[in-house]
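K.L.:
There's a structure below that I have some questions on.
The values are calculated or read from the model by the stated rules, or taken from the named source; none is laboratory data. Nothing here was measured: the structure is a model prediction, and the numbers come from that model. Note that each Cβ is placed from the backbone with ideal geometry, even for glycine, and that neighbours are counted across all protein chains shown. Side chains are part of the model used for accessible areas, which takes the heavy atoms of the whole protein and leaves out ligands, DNA and RNA. Shrake-Rupley method; radii C 1.70, N 1.55, O 1.52, S 1.80 Å.
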Amino acid sequence: MTDKFIYNEDWASIYEKFSILRGKRDEAAETAAFLERYASGGSALELGIGDGRVAVPLSERGVRVEGVDNSDSMLKLLARRTDLVKFWKADIANFRSEQRYNLVYCVWNTFTFVVTREAQIACLRSAVEALDDGGTMVIDVGVPPLDGLVSGQQTSTLLVDHENTILNAAVHDPLTQTFVSTLLWFSGTQVRRLPHRVRYVYHQELDTMAECAGLELAERWGDWTRG
Ligand SMILES: C[S@@+](CC[C@H](N)C(=O)[O-])C[C@H]1O[C@@H](n2cnc3c(N)ncnc32)[C@H](O)[C@@H]1O
């Protein structure tokens, strides 16, 4: 049986609008400017590339960007948007690349869509194999949102405007560090349900997993402008 909570194809239909409403399209130029420095004018691989929100502006800065994603619908959006970025379908928890890259990056919490500790370590190991000697990996994850939990549950309001109300209803499992959630998007008379599951990581655990995979912490920042 398919796990309905694994990040799935339904997201592609709302992805562009959702990322605009969440301010993520505006942020993409800053993200690309940050990443460009680590690609050193060479090459970069994005894990969970989506529709190229970040990959496209990064490639426009002269970096040769490639990407992997496991969603056909997302990759279709990417192909429609650009022919600058090469991509292939793969699970970021277990992929192989024939190329080596100056930079491998994984942004907007995409790392947490890999939902077990073992798979997250495997993802980091695959990334290390794809890196050139002296290459850099950049991971962008939020601090786990554990405030507001009541009896292991959390409902948060992501957005309210004159047309949309977007809520996230989540159940927490502290043993596996996972949230099983449904995003509820009310717009006019329509309601969309988007189930998903994430495994959150604190930065200390991420550092330890990255060290196991052969990486060494170089820098840590709170935002794309090095705050
Ligand atoms: C939150 S979106 C981010 C997309 C893009 N990185 C961005 O910043 O706009 C997460 C993306 O990761 C992909 N994804 C989720 N789990 C994945 C997995 N295990 N392997 C490959 N791609 C995955 C989804 O299909 C989706 O395109």
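Table: residues versus (1) open to solvent by less than 50 Å² (accessible area, probe 1.4 Å); (2) near the ligand (Cβ under 8 Å from one of its atoms); (3) in a helix (DSSP H, G or I).
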{"position": "A12", "(1), (2), (3)": "yes, yes, yes"}
{"position": "E36", "(1), (2), (3)": "no, no, yes"}
{"position": "I49", "(1), (2), (3)": "yes, yes, no"}
{"position": "S59", "(1), (2), (3)": "yes, no, yes"}
{"position": "L77", "(1), (2), (3)": "yes, no, yes"}
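Let's see how each residue does on (1) in the same structural domain as I121 (by TED's automatic domain parsing); (2) in contact with a helix residue (DSSP H, G or I) (Cβ under 7 Å, 6 or more places away or on another chain); (3) not basic (K, R):
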{"residue": "S59", "(1), (2), (3)": "yes, no, yes"}
{"residue": "R64", "(1), (2), (3)": "yes, no, no"}
{"residue": "S73", "(1), (2), (3)": "yes, yes, yes"}
{"residue": "K89", "(1), (2), (3)": "yes, yes, no"}
{"residue": "I92", "(1), (2), (3)": "yes, yes, yes"}
{"residue": "E98", "(1), (2), (3)": "yes, no, yes"}
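K.L.:
Quick check on segment 198-226: of everything there that is touching a strand residue (DSSP E or B) at 6+ places or on another chain (Cβ under 8 Å) and not in a loop (DSSP other than H, G, I, E, B), which residue is nearest to E129 (Cα to Cα)?
P.N.:
Of segment 198-226, the ones touching a strand residue (DSSP E or B) at 6+ places or on another chain (Cβ under 8 Å) are 198-200, 206, 210, 215, 218.
From what's left, not in a loop (DSSP other than H, G, I, E, B): 198-199, 206, 210.
Details: V198: 24, R199: 23, L206: 18, A210: 13 Å.
Within segment 198-226, the match that is nearest to E129 (Cα to Cα) is A210.
K.L.:
Also: How many residues are near the ligand (Cβ under 8 Å from one of its atoms), within 17 Å of L131 (Cα to Cα) and open to solvent by 50 Å² or more (accessible area, probe 1.4 Å) if we restrict to segment 92-119?
P.N.:
0
K.L.:
From the list E60, E36, E66, exactly one residue is in contact (Cβ under 8 Å) with a residue 12 or more places away in the chain and in contact with a strand residue (DSSP E or B) (Cβ under 8 Å, 6 or more places away or on another chain). Which is it? Steps first, please.
P.N.:
Values: E60 fails: in contact with a strand residue (DSSP E or B) (Cβ under 8 Å, 6 or more places away or on another chain); E36 fails: in contact with a strand residue (DSSP E or B) (Cβ under 8 Å, 6 or more places away or on another chain).
Sole residue among the options that is in contact (Cβ under 8 Å) with a residue 12 or more places away in the chain and in contact with a strand residue (DSSP E or B) (Cβ under 8 Å, 6 or more places away or on another chain): E66.
K.L.:
Here's something else I'd like to know. Would a scan of segment 129-136 turn up a residue that is at pLDDT 95 or above and in a helix (DSSP H, G or I)?
P.N.:
Scanning segment 129-136 turns up at least one residue that is at pLDDT 95 or above and in a helix (DSSP H, G or I).
K.L.:
I'm trying to understand the selection: among the residues of segment 174-200, which are under 17 Å from T116 (Cα atoms) and open to solvent by 60 Å² or more (accessible area, probe 1.4 Å)?
P.N.:
Correct list: P174, L175, T176.
K.L.:
Let me ask something else about it. Looking at segment 147-163 only, could you name the residues that are among the polar types (S, T, N, Q) and closer than 21 Å to K24 by Cα? Can you show your working first?
P.N.:
Pass one, segment 147-163, residues among the polar types (S, T, N, Q): 151, 153-157.
Scanning segment 147-163 gives S156, T157.
K.L.:
If you don't mind, another one. Among residues belonging to segment 80-91 that are within 13 Å of the ligand (Cβ to nearest atom) and not in a strand (DSSP E or B), point out the one that is most open to solvent (accessible area, probe 1.4 Å).
P.N.:
My answer is R81.
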